[in-house]
1. For the chain, would you read off the P(r) tail past 32 Å as a percentage of all alpha carbon pairs?
2. Considering only DSSP beta bridges whose two residues both sit in the chain, what percent are antiparallel, to the nearest 5?
3. Pairs of alpha-carbon atoms within less than 8 angstrom and 6+ residues apart define the contacts here; what relative contact order does region 70-339 have, in percent?
4. For every other residue with a beta carbon closer than 14 angstrom to the beta carbon of Arg341, add +1 if it is Lys or Arg and -1 if Asp or Glu, then tell me the sum.
5. Based on the Cβ-Cβ distance from Glu241 to Gln22, what FRET efficiency comes out when R0 is 30 Å, to the nearest 0.05?
6. Give the order of Val329, Val45 when sorted by the count of other beta carbons within 10 angstrom, beginning with the fewest.
7. For the chain, what is the calculated [θ] at 222 nm in deg cm²/dmol (nearest 500), taking -39500 (n - 2.57) for each run of four or more DSSP H residues and dividing by its residue count?
8. Which aspartates and glutamates, if any, have their Cα less than 18 Å from the Cα of Lys349, not counting same-chain residues under 8 positions apart?
Amino acid sequence: MLYSPEELAAKNKQYLWHPFTQMKDYMEDEPLIIARGKGIKLFDVHGKEYYDGFSSVWLNVHGHNVPELNQAIIEQLDQVAHSTLLGMANVPSILLAEELVRLAPEGLTKVFYSDNGATAVEISLKMAFQYWQNSGMHEKKSFITMSNAYHGDTIGATSVGAIPLYHQIYKPLLFSPHVIPYPYPYRDGGDEAAVKSTLDRLEQLLQEKGTEIAAMIVEPVVQGASGMIIMPDGCLRQIAEMLQAYDVLLIADEVATGFGRTGKMFACEHDGVTPDIMAVAKGLTGGYLPVAATVVKEKVYAAFYADYEEQKTFFHGHSFTGNPLGCAVALANLRLMEEGRLVEGTVQKAKYLAELLLPMAEEAHVGDIRQKGMMAGIELVRDKETKEPFHWNERIGVRVCKLAREKGLLTRPLGSVIVFIPPLASTCEELRDMVRILEASIKEATSATKEGSV
């Protein structure tokens, strides 16, 4: 290694500003610096190995250092590393667009590339707004989002976010959407009551404001950053039907849920829904390179397809749109998923994971265990009977994840919810070992809480 671990730690602290990280806290601990990866494990500069228990922020599919994905990048490098999509195309971007349309819910026909989930959402919002402007429906300008939503950190994506900790400070910069509740059965009286609350509020809003609303954006089936909240079966379908009746577009944010993560290629498929616009990213390249896409119905594309003089062009793009290296590895990722029947395998592994997680429900401070496919969240509470949450400054989630890291598992908490999103390629044996570490860490952290040691 060119630099010693100590030198790298010093440079890290001197030069880097980490995302979603309070740097004052960070500076007090020894930094974790990853040197390499193999399979579903990461190795730090000291040689210690860790399970990648959150898929490097929810995006790794096959594990790290996968020969087929490595080779796809190498072969594309021998052709061209980058060429623009502004007014021209490149081979991998064309072939990947074809694949995405083939795999997407039926009725989505056109692909617009970007480089991350937030930008794919930003594009979705701009497309939905301009769709109605191009169609002569100038009054349709507003949006609907859902409570505790997270759609990314660009200005538009932040505007339709609804997590105060992340979004409140930026309010003066943002537009204000309508907000309806995301069904949260654990805290909203069960599935039926939670869904009713959501649909009643949506119907009331559409009756009052439907002619002014351009689109509603939804995290389908699993609301991730809010704490792995699982939408009850059938709810998304009812939302889609209601929006269609009031001529409001549906934007599905599949950035976290797409590419097999929930047990379907896309989460919308659980309810048989085809959105008007769908944003995808994370798992698209298997966790290798930053490529995202916004996939739309033909009617959306058609609203922009016009004579030059009409000025209906979608004026959006960035320098690395449709990067050939990224598109090449995305194609290899999708091919590997199909050849290995990874989505079908995820369904079986999810059943096994549910069995592994079930005993944890007996723990005194485990309030709820939520899971869809290979997305799971364990909500920790101070009082199981009353569902009283831990206070945020007790940092119970942080403490659990620190203990897990010491034991060889990496993940990040969402407040008091412990996230478990392993790579889809994880074996049953690996799942069992990771859950063992999680359970031990939860027991240790909550035991300390019980004894009054915070």
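Coordinate-derived values only; no laboratory data. Small disclaimer: the values here were computed from a predicted structure and weren't measured. Glycine also receives a Cβ, built like all others from the backbone with ideal geometry; neighbour counts cover every protein chain displayed.
1. Working: 41136 of 102831 pairs.
Tail fraction, whole percent: 40.
2. Numbers: 34 of 49 bridges.
Looking only at bridges with both residues in the chain, the antiparallel portion is about 70 percent.
3. That works out to 29 percent.
4. Values: positive: Lys264, Arg335, Lys349; negative: Glu338, Glu339, Glu344.
With Lys, Arg at +1 and Asp, Glu at -1, the net is 0.
5. Details: r = 43 Å, r/R0 = 1.44.
With R0 = 30 Å, the Cβ-Cβ based efficiency is 0.10.
6. Details: Val329 28, Val45 19.
Ranked by crowding around the Cβ, least crowded first: Val45, Val329.
7. Working: 15 runs with 173 residues, N = 454.
Dividing the helical sum by the residues of the chain leaves -11500 deg cm²/dmol.
8. Within reach: Asp52, Glu338, Glu339, Glu429, Glu430, Asp433.
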